[in-house]
1. Would you check if Tyr175 is closer than 19 Å to His139 by Cβ, touching a residue at least 12 places away in the same chain (Cβ under 8 Å) and among the aromatic types (Phe, Trp, Tyr)?
2. Return the pair list, or none, for Cβ contacts closer than 9 Å from residues in segment 61-73 that are part of a loop (DSSP other than H, G, I, E, B) to residues that are basic (Lys, Arg) and modelled with pLDDT of 85 or more, at least 6 apart or on different chains.
3. For Ala35, state whether it is more than 31 Å from the chain's Cα centre (by Cα), closer than 15 Å to Lys64 by Cβ and either surrounded by 12 or more Cβ atoms within 10 Å (Cβ to Cβ) or among the basic types (Lys, Arg) (or both).
4. Please find, among Ile234, Ile230, Ile208, the residue that is in contact with a helix residue (DSSP H, G or I) (Cβ under 6 Å, 6 or more places away or on another chain), among the β-branched types (Val, Ile, Thr) and assigned by TED's automatic domain parsing to the domain that holds Thr168.
5. If you check Tyr92 against the conditions, is it closer than 21 Å to Pro239 by Cβ, modelled with pLDDT of 90 or more and surrounded by 16 or more Cβ atoms within 10 Å (Cβ to Cβ)?
6. Looking at segment 47-55, can you tell me whether even one residue there is farther than 23 Å from Lys157 by Cα, in a helix (DSSP H, G or I) and not hydrophobic (A, V, I, L, M, F, W, C)?
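The values are calculated or read from the model by the stated rules, or taken from the named source; none is laboratory data. Everything numeric in this text was worked out from a predicted model, so none of it was measured. For neighbour counting, all protein chains shown are included, and Cβ atoms are generated from backbone atoms with ideal geometry for every residue, glycine included.
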Amino acid sequence: MARRPDYYVKSLGKGFKVLKAFTPDRPMLTLTEVADLVGFDRATARRFLYTLEDLGLLEKTAKKYFRLSPKILELCHTYVSSLHYPDIALPYMEELREEFNESVNLAVLDGKDIIYVVRVPARRIMGTNIRVGTRLPAHATAMGKLILAYKPFRTVKALLGGSLEKLTDKTITDYEKFRDELNKIKERGYSVNDEELEPGLISIAVPIKDYTGEVVAAMNIASSTSRTTINEMIEKYLPRLNEVAEKVSRQLGYKGEWKKL
């Protein structure tokens, strides 16, 4: 066997060996099966499996099987997909901006934050200082909550960690209430931000899916309570926003059914 370079981290290499044990033909494995496949003793295999689970890369089922988590798809596809976002989404987002004269944004999740990757600001003299690359706390934004709603809640808590920061009187800071909110979002297919991030700021968001069917991003229309209300946005903006999100998702390779709103 060739000598490994001095910088080679053996434990990291072993961790990837465990991940590679899971294949389309072997989507779920027990501890013993993993140990046999990768050539580890049970104690070593256990340490790697539980470490990978804690990192959110593996999930454990009720019957003591392990399987890859959706976070693996984030690692593999978020960067590749994001390279296409401006080219694919920008023309549609500009149409929405012209139609409603409101800001239209697209963001991805990074840890406990969302990052804006495409932004089309409203044509107004006064505007916010949000730009491409801006990070905002996911738990207090429509796009952040939308993406989190499609993840296992255990993964959500691991991503957000600790307590949920209170940014306004309307920010959800209780994890039980936050879980209820995410369940509602997933059931109805869209998310709202009703002054949870900043007083006067409201928005609605819908999912962006890739060819694997995973929610890899979210798109929103943002406005102000001085111009409209959440109910008016749902009635007037949501159907068109959802149509645009479907078009973008189709161009990213999504083939499944799309929920009409």
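1. So Tyr175 passes the test.
2. Thr61/Arg67; Ser69/Lys151; Pro70/Lys151
3. Yes; evaluated as a whole, the condition is true for this residue.
4. Ile208
5. yes
6. No, because not a single residue in segment 47-55 is farther than 23 Å from Lys157 by Cα, in a helix (DSSP H, G or I) and not hydrophobic (A, V, I, L, M, F, W, C).
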